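The values are calculated or read from the model by the stated rules, or taken from the named source; none is laboratory data. Worth saying up front: this structure is predicted, and the values here are computed from it rather than measured. FYI the Cβ positions are ideal-geometry reconstructions off the backbone, even for glycines, and counts take in every protein chain you see.
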Amino acid sequence: MLKLVSYASSKYTRSKLRKALPEQFIYVVEELLYKTDSTNNKDPYYEEIYRQIISLGQADKLIIGLAYTTQRLVVDHLHVVGDIYDRGPDPDKIMDTLINYHSVDIQWGNHDVLWIGAYAGSLVCLANIIRIGARYDNLDIIEDVYGINLRPLLNLAEKYYDDNPAFRPKLQSNHNSSEQEILQITKIHQAIAMIQFKLEIPIIKRRPYFNMSERLLLEQIDYDKNEIKIGGKTYPLENTCFRAVNPQQPEQLLEEEQEVMEKLLFSVQHSEKLAKHMNFLMKKGSLYLKYNGNLLIHGCIPLDEEGNMEEMQIEDKTYSGRQLLDVFEYYLRYSFAHPEETDDLATDM
């Protein structure tokens, strides 16, 4: 291990290597790394150091420490190109690891932005992360890890929804959820999906330049016939769950739904652990980064059919390419800095 550390540190100064060494073994490791005895007179001294480390039961700790030192020297700076919150069931552990990493930057992915948006006060983003958690049987991250109480949402779901095969969670082969738990998740999935669809409608209508009118699906449904009209064609609907939808005002939240979302938002914005993780995402993150002549970005840049930067209108101005991404990031940071505002342009964005 010492030879590996010596090789990995060959391009760094001694000062930089010292910062990477396990703290409790700095002097010992430096003594063993920087041998200056060309006559081998100190060989017994070095051998005694090894024996003392072993006899004191510190060998495993030293080996592990040197392994981390090697890792740090080999990966001097880490780029995380997005979607920490779409990397399996334990994104919180990834966040804790990154927070303790010596040098890192993050380019936000769409899932990361959803979590940032939820913490910043977007009810749509909040509904979305819960819906995704229910879809993939990963509500534990919300309730157990971040301490968000989902009981009010479950009570609402139990009141208005039944079992529905289209909303059953996607389960891992090694899952240990009971049938009762699966049924509860199925009901939560329906409840939060309907809430999300309702919340999207006023945003789409007050921001026509988002060009998202095709997402106004609740307004295209014939609730008596269970049919939906899309692109001039009518399609039958199966596995419907519209008990909480007012056909005359489909965007209208029930009073119970509004109360549930307000409680959830309060819990999200007062979760100490989530605050720590979201603040780290904002501090170390950006939509894109130019680094050593490379463009680091998650996803893609909007282009038209000719391969030119596609333009997007935001209020009375038009943006494209880098300028568009800069505007997106500006509004995201503004929304994060003003979590009390929940229906302004920055939060809608």
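Observations on the model:
- Residue among ARG135, ARG151 that alone is more than 12 Å from the chain's Cα centre (by Cα), without any contact (Cβ under 8 Å) to a residue 24 or more places away in the chain and more than 30 Å from LEU73 (Cα to Cα): ARG151
One line per residue, one yes/no per condition, for (1) within 30 Å of LEU126 (Cα to Cα); (2) of a type in the set (Ser, Thr, Tyr); (3) at pLDDT 90 or above:
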residue: SER6; (1), (2), (3): no, yes, no
residue: ALA20; (1), (2), (3): no, no, no
residue: GLU31; (1), (2), (3): no, no, no
residue: ASP43; (1), (2), (3): no, no, no
residue: TYR46; (1), (2), (3): no, yes, no
residue: ASP92; (1), (2), (3): yes, no, yes
residue: ASN100; (1), (2), (3): yes, no, yes
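- Among the candidates LEU237, LEU264, LEU281, residue that is crowded, with 18+ Cβ neighbours inside 10 Å, assigned by TED's automatic domain parsing to the domain that holds ALA118 and modelled with pLDDT of 95 or more: LEU264
- Whichever residue in the range 130-171 is among the aliphatic types (A, V, I, L, M) and part of a loop (DSSP other than H, G, I, E, B) and, among such residues, is farthest from LEU264 (Cα to Cα): LEU171
- The residue of the range 177-191 that is nearest to ALA127 (Cα to Cα), among those that are of a type in the set (Ser, Thr, Tyr) and surrounded by 12 or more Cβ atoms within 10 Å (Cβ to Cβ), is THR186.
- Leading residue by the ranking (surrounded by the fewest Cβ atoms within 10 Å (Cβ to Cβ)) among those in the range 248-261 that are touching a helix residue (DSSP H, G or I) at 6+ places or on another chain (Cβ under 9 Å) and in a loop (DSSP other than H, G, I, E, B): GLN252
- For the range 1-21, the tally of residues that are among the polar types (S, T, N, Q), in contact (Cβ under 8 Å) with a residue 24 or more places away in the chain and not in a helix (DSSP H, G or I) stands at 1.
- If you go through the range 43-102 and pick out every residue that is exposed (fewer than 14 other Cβ atoms within 10 Å of the Cβ) and at positive phi, you end up with 2.
- Filter result for SER286 (hydroxyl-bearing (Ser, Thr, Tyr), surrounded by 13 or more Cβ atoms within 10 Å (Cβ to Cβ) and within 16 Å of the chain's Cα centre (by Cα)): yes
- The residue that is farthest from HIS298 (Cα to Cα), among those in the range 326-343 that are loosely packed, with under 14 Cβ neighbours inside 10 Å and modelled with pLDDT under 95, is GLU340.
- Hey, ASN174 in a loop (DSSP other than H, G, I, E, B), touching a residue at least 60 places away in the same chain (Cβ under 8 Å), assigned by TED's automatic domain parsing to the domain that holds LEU126 and surrounded by fewer than 17 Cβ atoms within 10 Å (Cβ to Cβ) or not: no
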